[in-house]
1. Counting each pair of different Cα atoms once, what's the Kirkwood radius of region 340-402 in Å, rounded to one decimal?
2. Go ahead and estimate [θ] at 222 nm for the chain from helices alone: -39,500 (n - 2.57) per DSSP H run with n ≥ 4, summed, over the residue count, rounded to 500.
3. Would you mind computing Rg(Cα) / (2.2 N^0.38 Å) for region 1-156, counting N as its residues?
4. If I take every Cα pair under 8 Å that is 6 or more residues apart in region 345-407, average their sequence separation and divide by the length, what percent do I get for the relative contact order?
5. Can you give me the C-alpha center-to-center distance between region 79-113 and region 249-297, rounded to a whole angstrom?
6. Let me know the Kirkwood hydrodynamic radius for region 271-398, please, with Cα pairs as the basis and the value in Å to one decimal.
7. What does the highest-first list of 130-136, 316-322 look like by mean Cβ count within 10 Å?
8. Can you tell me the dipole magnitude for the chain around its Cα centre, using point charges on the Cβ only (Lys, Arg +1; Asp, Glu -1), in Debye to the nearest 20?
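Every read-out reported here was derived from the displayed coordinates using simple, explicitly stated rules and does not represent laboratory data. Owing to the predicted nature of the structure, the values given are computational and were not obtained by experimental measurement. Cβ coordinates were reconstructed from backbone atoms using ideal geometry, including for glycine residues, and neighbour counts include every protein chain displayed.
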Amino acid sequence: MPNPVGLPPSLYVETATAPVPTPALDVDRTVSVAIIGGGFAGLSTALHLAEQGIDAIVLEAKEPGWGASGNNGGQLNPGLKLDPDTIEAAFGADLGRRMIAFAYDTPTFTLDLIRRYQIECEARQNGTLRAAYHETSAAAVEVTAEQCLRRGMPVSVLDRRAVKEATGTDRYVRALLDRRGGDLQPLSYARGLARAAIAAGAAIHGQTRATSLRRECGRWRIETPRAVVRAEKVLIATNGFTDDLWPGLRRTIVPVFSSIAATEPLPDEVARQVMPTRSVLYESGHITVYYRVDSSNRLLMGGRGPMQWIRDPSSVAYLIHYAARLWPALRGARWTHGWNSRLAMTADHYPHVHEPGSGALIYLGCNGRGVALATAMGKQLARRLLEGERAEVDMPITTPKPIRFHALWPLAVKSVVLYGRIRDRLGL
């Protein structure tokens, strides 16, 4: 199914703050830094460059927040996919510790930025729950908690009784609570980031797809449908919508659809029974289900869905049925919206930073944690673009490696999801 022309229909589109004008580029430009991709990473990088007086331009094929940035679960989750000890073992004491400290602080960084620029996006620091519904995943939750506590992080483990009080359901046997987490309205946030970047001096152009990229006379030449941009440095931050602009890059990630279904605003007596602490939650299992209750008492349930665009909640009926299993009071609730977008998964589950050429930087592969992570990476990417190798980045800088048998990824994703659901049901 082809990409939607405008913003995919969603609850966020209906409730977001107004977009800032980002007219298509129709005149040639010469700038210090060109950024390809108007999601959280690109917008945050542009903002942090503009704060330092650097002339930066963002080229976005649709409009800021069009992709997964404006269509995700809205969760501000600390950390990376893998546990702290695993990260340190893989990358060593220095870089590993920096990666851990950086990743677990990203929600605080993001909320501080939101306050500084007074971005209206329903942001709350109400905590993140990683919840387990069988003993195998409960053991994994406890391992993660021990490693976080050993590093002085503000986390705690909730037993069955405590997690029921926090969530309103008796489904879970254990949960890890990280009080640094939170949530927001992601499309409002993307638009607020764009507005802040423009106010700081960055240029943002929607409906301006980068169609070719090459070196020319010591600069990067970027062609778009109606104009050419020449830049000293370039950042590619296209994530789940990465194409062949940089040869081979598309094959280094797997684009996966993540879907969300949302209820109408729930009556107060029902809303009090569903996630009463208003923490966000994602399940500890092979196939993640995640959810939150927003500031208007709507329940948003997210998880894997069809590997194609959807437009209504019937396409993810399993999420609706699961919600009623968690909270029987939801039976009869009206589900008003269903939507999805593509995010980028990497084979090693880490975000990827590449420097494949002179003055070229690439960032992609948030693995479903892009709201806070991509925002915080924007500051680091901006510094790297300005200072080069003198500026340390708290993520490994690696060589792009195409995934073997990449052409088979749609079939592979379906198989992995099916296998993961079976293992979760069996408690393996």
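1. Its Kirkwood hydrodynamic radius stands at 12.4 Å.
2. -10000 deg cm²/dmol
3. 1.29
4. That works out to 36 percent.
5. Each part's Cα centre sits 23 Å from the other's.
6. 17.5
7. 130-136, 316-322
8. Dipole about the Cα centre, nearest 20: 580 debye.
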